[in-house]
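Trainee: Quick one: this structure, given as structure tokens, is what I'll be asking you about.
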Amino acid sequence: MAPSRARPTLPLLLVLVAVVIPGPSGAQVSIHPKEAFLPRGASMQVNCSSVCSENLNLGLETQWPKVELDRGETWKLFELSDIEEDSSPLCFENCGPIQSSVSATIVVYSFPERVELDSLPTWQPVGKNLTLHCRVHGGAPRSQLSVMLLRGEEVLHPEPVDSRNPKEITATVLVSRDDHGASFSCRAELDLRPQGLALFRNVSTVRHLRTFDLPVTIPKLDSPDLLEVGTMQKVMCSLGGLFPASEARITLELGGRTLTSESTNHGDSVSATALVSSELEGTQQLRCVLELADQILEAERTLSIYNFSTPVLTLSQQEVSEGSPVTVKCEAQGGARVVYLSGAPPGTPAPQVQFMLNASAEDNKRRFFCSAALQVAGQELLKNQTLELHVLYGPRLDDRDCLGNWTWPEGSQQTLKCQAWGNPAPKLTCSRRTDGALLPIGDVKTVTREMNGTYVCHAVSSHGNVTRDVFLTVLHHDPKSWAVIIIVLTTLAIVCLVGVLTVYLYNRQRKIRIYKLQRAQEEAMKLKDPPH
């Protein structure tokens, strides 16, 4: 409702008209003014006069309080007060037996007492029609009063008011997203400019509209169907096509308990993420609740919470000497079943599976694998366990890992690769049988002729020792031998060159003799057959 206003002091507009109404005997009565235009509650003076000179009785009939201010033989001046509405005061006279009267017109104007715009909905859906209602109480003259509904400064519906009752006007608006936060008001205008006054306005309280838009779909809830006791899983709920997304509230609940979540919005989408966990087996409802305006959208999933312990894999001895028996056993927990144990013969899944083996060197660092399965909500879950067996055995030094014969050219870069196996790892040394000189193992060395010889490689550990002979031959050449070789090769080259030259000269001489013989034969033929 607009705040109350003090009643303004407005000008009084009087139209003074002298009216003469002849009586039957020539008597006349008149009223001044004939018309008056004044604010509600104002006062005015009315003059009643007559030309009657005999037995004159002059008076004024009106519904408003009146006071006689002055009089003369043929006139009286009255003051009317607290004039509240349009009326017609009447001047009358009794001139002897003759009666006559005349009336004036008083038009009262006033501001509307109240301009009221009905409250808007708390939220208005986008794409729906909104009907605005405005009521104007009071205001006169009604013929010069108009009321309009406004969206901001845009006039939606102007309408004149011509009834004395409170006037209601309506306007229908198709709401869009652009109307979110728009201001609506109702304005009444009293146009007294035709009477020489001004245009007077009164405005209702401004009301602001909040609009919203929701998709026809429900939120998308992304979460696993299964949750293991004591673990945490990330869940997310999201929905697009919202307006205004910034005012949407989205929460996640598990078993009726609100989860601590992080909400974000981008454009017309909103999402929330949270971590869920539980210490109780069974099923619980995971809910996503989105609230916007007075609307609630929900998505729900059933979460199966299970307890599945890792199977227990044991070795009767995890570190044993070669040849010792070892029992391998795998046990499933709860309602799970062992479905696989490496090394065990195939069989039906059972809560426990075991077998025995005699540890060998090949079993050192052998990994045993155990797998257990649990059925939860129609799904098979697997958990695994592994263990490694350590077998203690004496050193191994064979031709595969340490060759018995090595032949290296003198001056070349070589690495002696000799590997001894065993658990614990044996210590390996290679020394020359004649003088005990050590041969470096695993290092890159330049080969010298002094390295030539027979070496004894010895591997030793707490579980025994083993030896192996390694023969190293270094290929080397005497410089004198190289000189002889060079001389021999040079001689051979000279002999080959002389031989090639001799063959060439011989062939050339032979071709010359053949040519000369052919020429001689041709000349003899010419002499034998002279030309005719």
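Trainee: Mind computing the radius of gyration and Dmax over the alpha-carbon atoms of the stretch 47-117? Å is fine for both.
Mentor: For the stretch 47-117, the Cα radius of gyration and maximum Cα-Cα distance read 16.1, 62 Å.
Trainee: Towards the positive end of the charge dipole of the chain, with charges on Cβ (+1 Lys, Arg; -1 Asp, Glu), say which of GLN63, CYS48, TYR306 has the farthest Cα.
Mentor: TYR306
Trainee: Mind ranking THR217, THR62 by accessible surface for me, highest first, 1.4 Å probe?
Mentor: My answer, sorted largest first, is THR217, THR62.
Trainee: Just to be sure I understand: of the beta bridges DSSP finds with both ends in the chain, what percent are antiparallel, rounded to 5?
Mentor: Of all bridge pairs located within the chain, approximately 90 percent are antiparallel.
Trainee: Using +1 on the beta carbon of Lys and Arg, -1 on that of Asp and Glu, and nothing else charged, what's the dipole of the stretch 29-103 about the Cα centre, debye to 20?
Mentor: Here the stretch 29-103 has a charge dipole of around 100 debye.
Trainee: State, to one decimal in nm, how far the label point of ARG510 lies from the label point of GLU247, with both points 7 Å from Cα in the Cβ direction.
Mentor: With each label point 7 Å from Cα toward Cβ, the separation is 12.0 nm.
Trainee: Along the Cα-to-Cβ line of THR131, 7 Å from the Cα, sits a label point; which residues in the stretch 170-213 have backbone N less than 16 Å from it?
Mentor: Inside the label zone: 170-175.
Trainee: While we're looking at this one, here's another question. Sticking with the crude label model, points 7 Å out along Cα→Cβ, report the distance from THR386 to ARG433 in nm, one decimal please.
Mentor: 4.6 nm
Trainee: Provide the gained length on full extension for the span VAL67 to SER101, in nm with one decimal, where the gain is 0.36 nm per separating residue minus the Cα-Cα distance.
Mentor: Difference between extended and current length: 10.3 nm.
Trainee: Same structure, new question: Whenever you get a sec, compute what percent of the accessible area on the chain sits on carbon and sulfur atoms (1.4 Å probe).
Mentor: 52 percent
Trainee: Could I ask something else about it? Which residues in the stretch 99-132 place their backbone N less than 19 Å from a point set 7 Å from the Cα of GLU154 along the Cα-to-Cβ direction?
Mentor: Zone members listed by number: 120-121, 124-132.
Trainee: Kindly give the semi-axes, whole Å and largest first, of the ellipsoid equivalent to the stretch 220-306, taking each as the square root of 5 times a Cα gyration tensor eigenvalue.
Mentor: 25, 12, 10
Trainee: Quick query: amide H of CYS52 versus all other amide H atoms, modeled in the peptide plane; which residues come in under 5 Å with a sequence gap of 5 or more or a different chain?
Mentor: The answer is GLN28.
Trainee: Continuing with this model, one more query. Full extension from TRP75 to LEU489: what is 0.36 nm times the residue separation minus their Cα-Cα distance, to one decimal in nm?
Mentor: Additional length available on full extension: 131.8 nm.
Trainee: Right, next: Using a Förster distance of 25 angstrom, determine the FRET efficiency expected from the C-beta separation of ASN57 and LYS34, and round it to 0.05.
Mentor: My answer for the efficiency is 0.70.
Trainee: Can you tally the net charge around VAL229? Count Lys and Arg as +1, Asp and Glu as -1, for every other residue whose Cβ sits under 12 Å from the Cβ of VAL229.
Mentor: Net charge in that neighbourhood comes out at -3.
Trainee: Now, a different point. Using only the heavy atoms of the protein chains and a 1.4 Å probe, how would GLU61, GLU153 rank by accessible area, largest first?
Mentor: GLU153, GLU61
Trainee: Also, quick follow-up: Using the basic label-point model (7 angstrom from Cα toward the beta carbon), what is the GLN285 to THR205 distance in nanometres?
Mentor: 4.0 nm
Trainee: Heavy atoms only, probe 1.4 angstrom, no DNA, RNA or ligands counted: give me THR415, THR491 ranked by accessible area, highest first.
Mentor: Greatest to least solvent exposure: THR491, THR415.
Trainee: While we're on this one: Output wanted: per-residue J couplings in Hz (rounded whole) for the stretch 342-347, from phi through Karplus 6.51 cos²θ - 1.76 cosθ + 1.60, θ = phi - 60°, x for Gly and Pro.
Mentor: So the J values, rounded to whole Hz, are 4, x, 8, x, x, x.
Trainee: Report relative contact order for the chain in percent, whole number only (criteria: Cα-Cα under 8 Å, sequence separation at least 6).
Mentor: 7 percent
Trainee: Residues of the stretch 321-343 with the amide nitrogen closer than 18 Å to a label point 7 Å from the Cα of GLN379, along Cα-to-Cβ, please.
Mentor: 335-337
Trainee: Per residue of the stretch 276-291, what does 6.51 cos²θ - 1.76 cosθ + 1.60 with θ = phi - 60° give for ³J(HN,Hα)? Whole Hz please, x for Gly and Pro, Karplus curve as stated.
Mentor: With coefficients 6.51, -1.76 and 1.60, one gets 10, 8, 7, 9, 10, 6, x, 10, 9, 8, 9, 10, 10, 10, 10, 10 Hz.
Trainee: Please calculate how many Å² of accessible area the stretch 32-186 carries per residue, with a 1.4 Å probe and no DNA, RNA or ligand atoms counted.
Mentor: 48 Å²
Trainee: Right, another one. Taking one equal scatterer on every alpha-carbon of the stretch 378-468, how large is log10 of I(q)/I(0) by Debye at q = 0.12, 0.14, 0.25 1/Å?
Mentor: -0.48, -0.59, -1.29
Trainee: Still on this structure: For the chain, with the dipole built from +1 on Lys and Arg beta-carbon atoms and -1 on Asp and Glu ones, taken about the Cα centre, which of VAL466, THR348, CYS496 lies farthest toward the positive end?
Mentor: In the chain, that residue is CYS496.
Trainee: Within the stretch 384-486, report the trypsin sites (Lys or Arg not before Pro) that DSSP leaves as loop and that have at most 16 other Cβ atoms within 10 Å.
Mentor: Loop-located and lightly packed - ARG400, LYS417, ARG433.
Trainee: What length, rounded to one decimal in nm, is gained on full extension from SER143 through to THR273, with 0.36 nm per residue of separation minus their alpha-carbon distance?
Mentor: Full extension of this stretch gives 40.5 nm more.
Trainee: Summing Lys, Arg as +1 and Asp, Glu as -1, what charge do residues with Cβ under 15 Å from the Cβ of THR217 carry, THR217 excluded?
Mentor: -4
Trainee: For the stretch 218-306, with every protein chain kept in place, what is the accessible area per residue (1.4 Å probe, Å²)?
Mentor: Normalised by residue count, the accessible surface of the stretch 218-306 is 51 Å².
Trainee: Using r as the Cβ-Cβ distance of ASP178 and ILE296, and R0 as 30 Å, what FRET efficiency do you calculate, to the nearest 0.05?
Mentor: It comes out at approximately 0.75.
Trainee: Give me the 1.4 Å probe accessible area per residue for the stretch 360-415, excluding ligands and nucleic acids, in Å².
Mentor: Averaged over the residues of the stretch 360-415, the accessible area is 54 Å².
Trainee: Would you mind checking the radius of gyration and Dmax of the chain based on alpha-carbon positions, in Å?
Mentor: 63.1, 205
Trainee: I would also like to ask the following. Step through the residues of the stretch 226-235 one at a time and calculate ³J(HN,Hα) from phi using the Karplus curve (6.51 cos²θ - 1.76 cosθ + 1.60, θ = phi - 60°), rounding each to whole Hz and writing x for Gly and Pro.
Mentor: 10, 9, 7, 4, x, 10, 10, 10, 8, 10
The values are calculated or read from the model by the stated rules, or taken from the named source; none is laboratory data. Please read these numbers as outputs of a predicted model, since none were measured by experiment. For neighbour counting, all protein chains shown are included, and Cβ atoms are generated from backbone atoms with ideal geometry for every residue, glycine included. Keep in mind that these areas ignore ligands, DNA and RNA; they rest on the heavy atoms of the full protein, side chains included. Shrake-Rupley method; radii C 1.70, N 1.55, O 1.52, S 1.80 Å.
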